[in-house]
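Heads up, the thing below is written out as structure tokens.
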Amino acid sequence: MREVAIVGIGQTPVDEHWDKTLRLLAGEAIFAALNDAGRDQVDGLFVGNMMSGELSRQESLGALIADWIGLPGIEAMKIEAACGSGAAAARAGMMAVASGEMDSVLVVGVEKMTDSLPSETTSGLATAADADYEAAQGLSFVAINALAMQRYLYVSGWKHTDFAPFSINSHANAVHNPYARLQEAITEEEYHKARMIAAPINLLDASPTGDGAAALLLVPREYLRPTTRGYDGRGRPVITIAGSASATDTIALHDRRDPTWLRAAELSAQRAYAQAGVGPQEIDLFELHDAFSIMSALSLEACGFAERGQGPRLGLEGQITLSGRIPICTRGGLKARGHPVGATGVYQMVEVVQQLRGEAGATQVEGARVGMAQNIGGSGATIVTHILTAL
Amino acid sequence: MEISRHWRLKKQRYSLIGEVCPHCDAKIFPPRDVCPECGQEARSEFAFSGRGQVYSHTTIYDAPAGYENNLPYTVALIKLDEGPIVTAQLTDLGAQPVEIGMPVEMVTRRIREDGDERGMLVYGYKFRPAWNAPIK
């Protein structure tokens, strides 16, 4: 297996892009990534997307986007794993390069969500759940997360207010990210007063959706010229995918042995740690999947940053901020950068690359060398973990 | 949604028919042909009692398409007496606040209506408070 380097990154702002089609958004992120890499050779394209068929009446995104970016003829396909589609596509691209099958791979995550009525988007998101036994009972995706959070509060003894630091941290970081959907800070008081949407989840526990696209260009690390090994042609540290792993769990929350434990996060993180030869103590920052604040706690616990049932403590003790022990959601996370579902996993990886290159501006984690990104599909059914390293 | 898709789940929707594993005796709902407990084949039908307890709950204010007429409605994870957890709406709640551990029993209710799309009414299980059940 060849080591794989990320040599280009690109993203569009997460927003209501009423003037832009799905293919145009994808193209913007891709051209930005190619420009960032200073390369134009592409052997394959992997598209992370969840709902184009449901919301845009458009599938075959591989061909659609390859054609749009002027590369008809290349191999291209869509990879779908609900909200985990982005990182799943990145992992597929990584495998193509690592195996030797392809030498230069584009990964793009793209989602177009704001053309639809809210109830249609809600239905679309519910397709991440078990259609026959969860969605058919009228469950929204928010409700499924609320069921997990309600049970977590009951078992762990934490109060809803103990989750405020997760949302406050994400918003504070998004203020400095020009691509973020909500570039505004929130206060603890605002969090407490937010409208309840599915108790115990209120509006400031939940991430906003939006339109957006993010892209990566992957090449074998060995193809980078020996004289510049460690740096790319522009003097930036080369970013290597040191760990990449994906795991599954039951699709329905009710079928889990413990609905408050992300088994697939634990499995994929353990595999990624083993590949990279690191443990949680070596991770300098963690872009986790805070679609809802409960997921921040569950992810931190499953990945070994907190004991079981102790995830909220990291927030309350200030350990998740930029200067804390394990900074999370450093560019705003899903909560404030926004959650264009199938694109989110690629945004997370773009943001880790920014941190490791030292390009994160006011939200730079000093001396960051090892960063982790974790993307969750459904209520925990598919979870993809990547560990990236600089130098 | 397709009529056949609801029709073929009628045993589960109307009667909570699941499976029992012939190897380890685990009770399984919804039915799946590989036992989640022991990994062996399980295809023997088993009728659940319909009794259980609220394991978790929430109330929905923003419904998926097709469920707007029910708003707001309360949904729950129900831990059935036989072991498995199911996801379902709660009904007949009155002024009673929902709590984890509350005993409930299955009833058959209208789940959704397609409106003008196909004119189909979908019935299935919901759970209501079981006032006379002993609290475990």
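The values are calculated or read from the model by the stated rules, or taken from the named source; none is laboratory data. Fair warning: this is a prediction, and the values are worked out from it, not measured in the lab. Here the Cβ positions follow ideal geometry from the backbone for every residue, glycine too, while neighbour counts run over all protein chains shown. Each accessible area value is taken on the protein alone, full model and side chains, heavy atoms only, with ligands, DNA and RNA left out. Shrake-Rupley method; radii C 1.70, N 1.55, O 1.52, S 1.80 Å.
Quick notes on this structure:
- Computed over protein heavy atoms with a 1.4 Å probe, the carbon and sulfur contribution to the accessible area of region B:1-48 reaches 50%.
- More than 15 angstrom apart: percent of Cα pairs within region B:1-48: 43
- Take each residue of peptide B:80-92, count the partner chain Cβ atoms within 10 Å of its Cβ, and average: the result is 3.
- Potential lengthening of the chain between A:Asp103 and A:Glu359 amounts to 89.5 nm, from the contour at 0.36 nm per residue minus the alpha-carbon distance.
- Loop-located chymotrypsin sites (Phe, Trp or Tyr not before Pro) across region A:29-131 with a Cβ neighbour count of 11 or fewer within 10 Å are lacking, with loop assigned by DSSP.
- Of all accessible heavy-atom area on chain A, the percent that carbon and sulfur account for (1.4 Å): 50
- Accessible solvent surface per residue of the protein assembly as shown, calculated while the other protein chains remain in place, 1.4 angstrom probe, Å²: 38
- Tail weight of P(r) past 24 Å, computed on alpha-carbon pairs of region A:109-236, percent: 51
- Gyration tensor verdict on region B:1-113 (Cα atoms; rounded if a/c is under 1.5, prolate if a/b is larger than b/c, oblate otherwise): oblate
- Per-residue [θ]222 nm for chain A (sum of -39500 (n - 2.57) over DSSP H runs n ≥ 4, rounded to 500): -10000 deg cm²/dmol
- Inter-part distance where region A:305-329 and region A:240-273 are each reduced to a Cα centre, Å: 20
- Between region A:46-124 and region A:1-23, the Cα center-to-center distance that results, in Å: 11
- Overall size of region B:49-136 from C-alpha positions, given as principal axis extents largest first: 45, 24, 20 Å.
- Long-range HN-HN contacts of A:Asn202 with modeled amide H, under 5 Å: A:Ile197
- Highest average packing first - A:318-327, A:99-108, Cβ atoms within 10 Å: A:99-108, A:318-327
- Peptide A:187-199 is shielded by partner chain Cβ atoms: per residue, an average of 2 of them sit within 10 Å of its Cβ.
- For A:117-124, mean number of other protein chain Cβ atoms within 10 Å: 4
- Computed from protein heavy atoms with a 1.4 Å probe, the total accessible area buried between A and B is close to 2800 Å².
- With semi-axes defined as the square roots of five times the eigenvalues of the C-alpha gyration tensor, the equivalent ellipsoid of region A:176-320 measures 32, 22, 16 Å, largest first.
- In sequence order, region A:230-242 has phi-based couplings of x, 10, 8, x, 10, x, 9, x, 6, 9, 9, 7, 8 Hz under the Karplus curve 6.51 cos²θ - 1.76 cosθ + 1.60, θ = phi - 60°, and Gly or Pro positions carry x.
- With all pairs of separate Cα atoms included, region A:200-280 yields a Kirkwood hydrodynamic radius of 16.9 Å.
- Kirkwood hydrodynamic radius of region A:1-151, Cα pairs, Å: 16.6
- As a ratio to 2.2 N^0.38 Å, the alpha-carbon radius of gyration for region A:1-41 is 1.41.
- Each peptide in A:208-214, A:185-191, A:146-152 receives the mean, over its residues, of other Cβ atoms within 10 Å, and ordering these scores from highest gives A:208-214, A:146-152, A:185-191.
- Pairwise Cα inverse-distance average, inverted: Kirkwood Rh of the protein assembly as shown (Å): 23.6
- For chain A, lysine pairs with C-alpha atoms less than 24 angstrom apart, excluding pairs fewer than eight positions apart on the same chain, total 8.
- B:Arg112 long-range amide H proximity, modeled H, under 5 Å: B:Val122
- DSSP beta bridges in the protein assembly as shown [antiparallel fraction, %, rounded to 5]: 80
- Long-range amide H partners of A:Ala381 with built H, under 5 Å: none
- Here region B:49-136 exposes an accessible surface that is 46 percent carbon and sulfur, computed with a 1.4 Å probe and the other protein chains kept in place.
- Karplus-derived 3J(HN,Hα), 6.51/-1.76/1.60, for each residue of region A:207-219, Hz, glycine and proline x: 7, x, 7, x, 9, x, 8, 9, 9, 10, 10, 10, 9
- Among A:Val155, A:Val47, A:Val278: highest mean-square fluctuation, GNM of chain A, C-alpha pairs under 10 Å: A:Val155
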